[in-house]
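Colleague: One structure, pasted below without further comment.
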Amino acid sequence: MPQSSPLVAATPQEALRILQHLDAGIVSVNCWLKALHGKLICDDASNSADLADDPRSCNFSRWFHDDTTPELRQNRMFQKAGKLHKAMHDSGHSLLQKKARHLPVTVEEYNTFMDLATALKEELHNLQFEVINNACVVDQLTGAWNRHAMHSKLVQELERMIRNKQSCSICMLDIDHFKHVNDSLGHIAGDQVLQAVVQFITAQLRKYDSIFRYGGEEFLLCLPNTTDTEAEPILNRLRANLEKLVIPLNDGKTISVTASFGVTVMSINKSIEETITMADHALLSAKASGRNNVCIWKV
């Protein structure tokens, strides 16, 4: 799946699942705050279990430590939310202990507590926004970045080239005879092939490379810090390994596919659209040369 973002979701489906978990966490925080204010202001003892001294005893903490997804637990914002929650929880219980001893709560103490509670909710809402934003730039079927994300990435790489004087190659990749897969095995099998190919290529790429779904069975690879000459053996290894890949289908059958690759190097003298056109010309040359090969289009 896409590698160049620290985001927790790789596909829109995963984003939806993570958002549901985040909603549950935010509800837990709001319930805890409601219980604490009920205790502080109204002497409400109905939610005493949720207000125990141990910060791990409340619903939010149980959600945070036990009910979340691995993607969330690895996210920096999520980890920060855990620290904010503990600080908020400790501050809130300090207020409750003062009330139990009939001691006054200062404005500064209350403001500290509310600032922590506000920061926690903001962090969780920021994480929601990040997940949603991630889902908007990912192709729903394959998990590759979509064309919107592709344009942003290529603009970044062109600016990096100008700044650092480093090369960046792009490659147009097309699955050979994919129409035959759809026609003979059906579109569900075709979708499985697309998903398997993207998963395989993503695993083979370097951590700073990216794959984008350009359209249909056509994908664009971005290879930073790589000349077209350096890209050729990388892509040839990828091509040869893809040819050996056995893709299982839902009906118990298996299928293998090949792909054609057209590569060129980005140039500060050419627009992104012109560079993509050159990579597409290289791809057409690869197809005309019998497919399942790599062709370079020299700038």
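Colleague: Let me spell it out: the conditions are (1) in contact with a helix residue (DSSP H, G or I) (Cβ under 6 Å, 6 or more places away or on another chain); (2) within 30 Å of residue 21 (Cα to Cα); (3) in contact (Cβ under 8 Å) with a residue 24 or more places away in the chain, and residue 137 meets all of them except one. Which number is the exception?
Modeller: (3)
Colleague: Of (1) over 17 Å from residue 214 (Cβ atoms); (2) among the polar types (S, T, N, Q); (3) surrounded by 15 or more Cβ atoms within 10 Å (Cβ to Cβ); (4) at pLDDT 95 or above, residue 267 satisfies all except one. Which?
Modeller: Single failed check for residue 267: (4).
Colleague: State all residues of the range 239-256 that are under 16 Å from residue 195 (Cα atoms) and among the hydrophobic types (A, V, I, L, M, F, W, C); if no residue qualifies, say none.
Modeller: Matches in the range 239-256: 242, 245, 246, 247, 249, 255.
Colleague: I'm trying to understand the selection: among the residues of the range 41-71, which are surrounded by 18 or more Cβ atoms within 10 Å (Cβ to Cβ), modelled with pLDDT of 70 or more and part of a helix (DSSP H, G or I)?
Modeller: If the condition is that a residue be surrounded by 18 or more Cβ atoms within 10 Å (Cβ to Cβ), modelled with pLDDT of 70 or more and part of a helix (DSSP H, G or I), then 59, 60, 61, 63, 64 are the ones that fit.
Colleague: For the range 181-201, how many residues are within 22 Å of the chain's Cα centre (by Cα), surrounded by fewer than 18 Cβ atoms within 10 Å (Cβ to Cβ) and hydrophobic (A, V, I, L, M, F, W, C)?
Modeller: Within the range 181-201, residues that are within 22 Å of the chain's Cα centre (by Cα), surrounded by fewer than 18 Cβ atoms within 10 Å (Cβ to Cβ) and hydrophobic (A, V, I, L, M, F, W, C) number 1.
Colleague: Let me ask something else. Would you mind finding the one in 247, 255, 268 that is more than 15 Å from residue 172 (Cβ to Cβ) and without any contact (Cβ under 8 Å) to a residue 60 or more places away in the chain?
Modeller: Values: 255 fails: without any contact (Cβ under 8 Å) to a residue 60 or more places away in the chain; 268 fails: without any contact (Cβ under 8 Å) to a residue 60 or more places away in the chain.
Sole residue among the options that is more than 15 Å from residue 172 (Cβ to Cβ) and without any contact (Cβ under 8 Å) to a residue 60 or more places away in the chain: 247.
Colleague: Within the bounds of the range 280-289, is there any residue that is outside any helix (DSSP H, G or I) and in contact (Cβ under 8 Å) with a residue 12 or more places away in the chain?
Modeller: The answer is no, given that none of the residues of the range 280-289 is outside any helix (DSSP H, G or I) and in contact (Cβ under 8 Å) with a residue 12 or more places away in the chain.
The values are calculated or read from the model by the stated rules, or taken from the named source; none is laboratory data. Fair warning: this is a prediction, and the values are worked out from it, not measured in the lab. When we count neighbours, we look across all protein chains shown, and the Cβ atoms used for this are built from the backbone with ideal geometry, even at glycine.
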